[in-house]
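Asker: I'd like to ask you about the structure that follows.
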Amino acid sequence: MLRLESVAADLADLQRDWGLDRTPLGRKNVSLPRGQMRVARRAAVRDVVARFYAEDFGRFGYDPRAEGPTPEAVRAAPHPA
């Protein structure tokens, strides 16, 4: 039985036991480390918003590339009751 948690080692054991040539598993669709994924997602969302609201940004003189407050700063800001 090959278990996902240890599939590479289980496959190596299976290949050895059956006398097969060792064929290591490759890696596909490897996720970015957590912090890098957040940055990439933030940039992608910013690009979508910039394109969608391009006319409004131009009309009101906003720079869509300008950095806004961080999520932490928004959460920490006082909110009206």
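Asker: Which order do the peptides 56-65, 5-14 take when ranked by the mean count of other beta-carbon atoms within 10 Å per residue, highest first? If you can, show how the numbers build up before the last one.
Answerer: Numbers: 56-65: 10.4, 5-14: 12.1.
Going from most to least packed, we get 5-14, 56-65.
Asker: Whole-Hz Karplus ³J(HN,Hα) for segment 9-23, in order, using 6.51 cos²θ - 1.76 cosθ + 1.60 and θ = phi - 60°, x for Gly and Pro?
Answerer: Per-residue couplings from phi come out as 5, 4, 5, 4, 5, 4, 4, 5, 4, 8, x, 8, 5, 6, 10 Hz.
A short reminder: the numbers here are calculations on the coordinates, not readings from a lab. Computed from a predicted model, the values in this text were never measured in an experiment. FYI the Cβ positions are ideal-geometry reconstructions off the backbone, even for glycines, and counts take in every protein chain you see.
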